[in-house]
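Worksheet: one structure, shown below.
The values are calculated or read from the model by the stated rules, or taken from the named source; none is laboratory data. All values reported here derive from a predicted model rather than from experimental measurement. We place every Cβ from the backbone using ideal geometry, glycine too, and count neighbours over all the protein chains shown. Surface accessibility is based on the protein's heavy atoms, side chains included, excluding ligands, DNA and RNA. Shrake-Rupley method; radii C 1.70, N 1.55, O 1.52, S 1.80 Å.
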Amino acid sequence: MNRLRDFWLWLSSTLWFIPGTMVVVSVLLAVALTALDVVIGHDWTEDHPLFFGVGAEGARGMLSAIAGSMMTVASLTFSLTISTLATASSQYTSRLIRNFMRDRYNQFVLGYFVGLFAYCLVVLRTIRGGDEGREFIPAIAVMAGLVLALVSIGVLIFFIHHIASSIQAATILERVTHETLAALATWFPQEMGQPARPGTEIPQKAEAPGTVWHAITADRTGYVRSVDEEVLLDLATRNDTVVRMEVDVGGFVSRHGVLCTIARVKPLDEALLRGLRGAFGVGGSRTVQQDPAFGVRQLVDIGLKALSAGVNDTTTGVMCVDYLGAVLECITRRNIPEQLRAQDGTLRVIAKGRSFEGLVGLCFDQIRLCAGENVAVQVSLLRAFTHAARQTGDPARRRVLLGHAERVAEVADRTLQFDHDRAQVRAALEPCLAQLDLPGAPRAEALLPPRP
């Protein structure tokens, strides 16, 4: 099931699957409407000449014009899509290409035009004039082709609007953030068994004399896209043992690299080996579905590109920090899943996961280093820490946020030369320290004093 899920994620992110499906549906629709015309006859069309008054030559000419124009428009949409992919890749980050490819609106528009072309071809071949034997004009199918062609005008206008808005920084950041927050809602291993409590039993087989940790190796090179937590828990429970993950979701593993280890006295049988290996979905690239860190990575990459010397787009950099702040607030509100997972009070799986400190560092460490003398970005970073501090009363997490605030102040103290700039950062630092409210925390003036 894990491999099927990965296959479906790959299939749904291709540019050809939905358009290809729509072509098949269009062909079936053309056949069905033509068959309907055969069943009910076409004498009744004479009573409605305004809608069905076209002859064989007229129907052919209209459908031929529609089919030709649809291929022209389809070529235009494909060209615009590829141009958008190139623009997003060069201006933001190449990791966004997958997001654009699995955009359902783009896939639908491409499928609509190509499907209408196929529809017209199928209907065209059924039209017969009086000189070709018994005359047959599938009036309903021809009228449906005209209606679909009129609708295509609106589809084209919608596509141009959508493609223009989809390359805007705000739209891209909002979409990536939405996917990241959705992934955080189902963050592995939150749903795997129960967190192991103090005193949780370790299966006897895991401590029996002669027990060794057998390595389960990968059968291909790539990134761990997903882990089927139910399979890991079930296999560990049925074999009364412990499974230890050696690579996290989003981690890279080489062929014959270790995915996990299992405590077992006897050698592994083929069914157990196949089950454990199949619980890990490995692919050539990362996905956000079970890997929210990859969504964070995309936001960070866009911010780093915006703050680079060649681009120097402070506004986009600030927007990236704002959206990363929204992700940080979500992380701060969540309970980080325990790595020790139990079933019925017995330890079964030792999971792999990121700590709160590691996630905060992933969000802001590189952007802070690239902020340099950029006052706006430094103020935005401190504002993000202030908002995150409101979401938790945990002293440990607040100390992590305090450490990042102190590092921002250190960068500002080292790079900012003018008192006006230092005062802006200090004004953002003061409410951050007040919100953290930790005993022994330094004052803003001590971290970022005025220039003598």
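Quick look at the numbers
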| item | result |
| --- | --- |
| Test: residue in the stretch 238-250 that is at pLDDT 85 or above, small (Gly, Ala, Ser) and on the phi < 0 side of the Ramachandran plot | no |
| Residue under evaluation ASP301, criteria (1) outside any loop (DSSP other than H, G, I, E, B); (2) buried (at least 21 other Cβ atoms within 10 Å of the Cβ), criterion not met | (2) |
| Within the stretch 77-167, helices (runs of 4 or more DSSP H) holding 2 or more residues that are of a type in the set (S, T, N, Q) | 104-124, 139-166 |
| Pair list, Cβ under 8 Å, 6 or more apart: the stretch 74-96 residue open to solvent by less than 60 Å² (accessible area, probe 1.4 Å), other residue acidic (Asp, Glu) and at pLDDT 80 or above | TYR92/ASP301; THR93/ASP301 |
| Test: residue in the stretch 321-332 that is within 22 Å of ARG397 (Cα to Cα), surrounded by fewer than 21 Cβ atoms within 10 Å (Cβ to Cβ), touching a strand residue (DSSP E or B) at 6+ places or on another chain (Cβ under 7 Å) and touching a residue at least 60 places away in the same chain (Cβ under 8 Å) | no |
| Residue tally, condition of a type outside the set (Ser, Thr, Tyr) and farther than 30 Å from LEU235 by Cβ, over the stretch 275-311 | 15 |
| Within the stretch 5-31, tally of residues that are in contact (Cβ under 8 Å) with a residue 60 or more places away in the chain, in a helix (DSSP H, G or I) and more than 28 Å from VAL123 (Cβ to Cβ) | 5 |
| Hits in the stretch 219-243 (condition: in a loop (DSSP other than H, G, I, E, B) and within 13 Å of ARG3 (Cβ to Cβ)) | ASP219, ARG220, ASP228 |
| Total residues in the stretch 273-291, condition open to solvent by 10 Å² or more (accessible area, probe 1.4 Å), in contact (Cβ under 8 Å) with a residue 24 or more places away in the chain and part of a helix (DSSP H, G or I) | 4 |
